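The values are calculated or read from the model by the stated rules, or taken from the named source; none is laboratory data. Note that the coordinates shown come from a computational prediction; the quantities given were computed from them, not determined experimentally. Cβ placement follows ideal geometry from the backbone for every residue including glycine, while neighbour counts extend to all protein chains displayed. For accessibility, only protein heavy atoms count, side chains too; no ligands or nucleic acids. Shrake-Rupley method; radii C 1.70, N 1.55, O 1.52, S 1.80 Å.
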Amino acid sequence: MSPNSNLTIRIVDGSLGRPPSHDANPAHGLLGAAVVFEGIVRAEEAGRQIQALNYEIYEPMATRVLHDLARDIVTKHGLLKIEVEHSRGKVAVNECSFRLTVHAGHRKEALAAADEFIDRMKKDVPIWKTPVFG
Amino acid sequence: MLVRVLIFGPLRAEIGTDAIALELPPSANIAAVNDALAARFPGRAAFFRSARLALNSTFARPDQPVNESDEIALIELVGGG
């Protein structure tokens with residue numbers, strides 16, 4: 001699968017840490033909206049306090065499904081760029097396990113794209129989370 | 001033929017294994033895998049009968065044939081994002 005220059009998929013062991021600084025290319029000139037969504041591990045899962053979530057990822061299917069989804073979303077919403085990062089393994093409460101970055105010309109398509117990507121991701125991508133209790 | 005269905009996530013803990021071995025006829029397809037899972041776990045028959053399966057890392061159609069060397073995974077109850 002040859003890489004598409006406006007699609008980035010990354011699976012990272014553990015927490016994703018702080019987001020990178022905004023790397024918009026001013027020479028591009030088309031960027032009008034950058035949406036960054038971060039999924040944070042909550043302290044409670046199904047009514048019980050947890051210490052962390054453990055993420056299992058079925059590869060290579062997960063990366064391929066994410067790539068296909070990202071390509072579809074970029075095309076459908078006319079995006080400039082989409083970046084997806086997801087944790088594998090244990091991620092503690094309050095830490096980031098998922099980051100989606102969408103660049104578009106305008107706000108509407110950026111927000112719509114992010115919303116649709118997450119909805120579809122939650123149904124189709126082979127990633128599972130299991131709570132880790134204290 | 002003997003096939004294995006990989007199990008992930010909370011379901012793994014629930015049923016106590018990360019792979020389910022199933023004995024199927026040589027001409028079995030994905031639908032037969034679903035039926036065999038439902039028969040193995042009658043208390044969750046409806047869930048297993050309609051569960052999505054991946055065949056060699058791609059979502060499978062019910063009519064796709066299955067070979068002993070194929071990798072089959074149950075892709076349900078996913079929770080990414």
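Give A:LYS90/A:LYS123; A:LYS90/A:LYS129; A:LYS76/A:LYS108 a once-over and call out the pairs whose C-alpha atoms are over 19 Å from each other.
From the list (A:LYS90/A:LYS123; A:LYS90/A:LYS129; A:LYS76/A:LYS108), the Cα-Cα distance tops 19 Å for A:LYS90/A:LYS123.
Roughly how large, in nm² to one decimal, is the mean projection of the convex hull of the alpha-carbon atoms in the protein assembly as shown? Each step should come with its number before you reach the end.
On the way: hull surface 54.3 nm².
Approximately 13.6 nm², given one-decimal rounding.
222 nm [θ] for chain A, helices only, -39500 (n - 2.57) per DSSP H run of 4+, per residue, to 500?
Result for chain A: -9000 deg cm²/dmol, rounded to the nearest 500.
Once the other residues with Cβ under 15 Å from the Cβ of A:GLY32 are scored (Lys, Arg +1; Asp, Glu -1), what is the net sum?
For residues surrounding A:GLY32, the net value is +2.
Are there residues in segment A:112-134 whose accessible area shrinks by at least 40 Å² when all protein chains are included rather than the chain by itself, and which are they (probe 1.4 Å, ligands and nucleic acids not counted)?
Buried-area filter returns A:LYS122, A:ASP124, A:TRP128, A:LYS129.
Quick one: accessible area per residue over the protein assembly as shown, 1.4 Å probe, rounded to a whole number of Å²?
Accessible surface, normalised per residue, equals 51 Å².
Does anyone have the angle between helix B:30-40 and the longest principal axis of chain B? Alpha-carbon axes, 0 to 90°, nearest 10?
60
Suppose each label sits 7 Å from its Cα in the direction of the beta carbon; what would the A:VAL93-A:THR8 distance come out to in nanometres?
With each label placed 7 Å out from Cα toward Cβ, I get 3.2 nm.
May I ask for the angle, rounded to the nearest 10°, between helix A:107-124 and the longest principal axis of chain A, with both axes built from Cα atoms and the value confined to 0 to 90°?
It works out to around 40 degrees.
Run the simple label-point estimate for B:ALA13 and B:LEU77 please: 7 Å along Cα→C-beta, distance reported in nm.
Here the answer is 1.0 nm between the modelled labels.
Per residue of segment B:45-53, what does 6.51 cos²θ - 1.76 cosθ + 1.60 with θ = phi - 60° give for ³J(HN,Hα)? Whole Hz please, x for Gly and Pro, Karplus curve as stated.
My calculation for segment B:45-53 gives 4, 4, 5, 5, 5, 9, 5, 6, 10 Hz in order.
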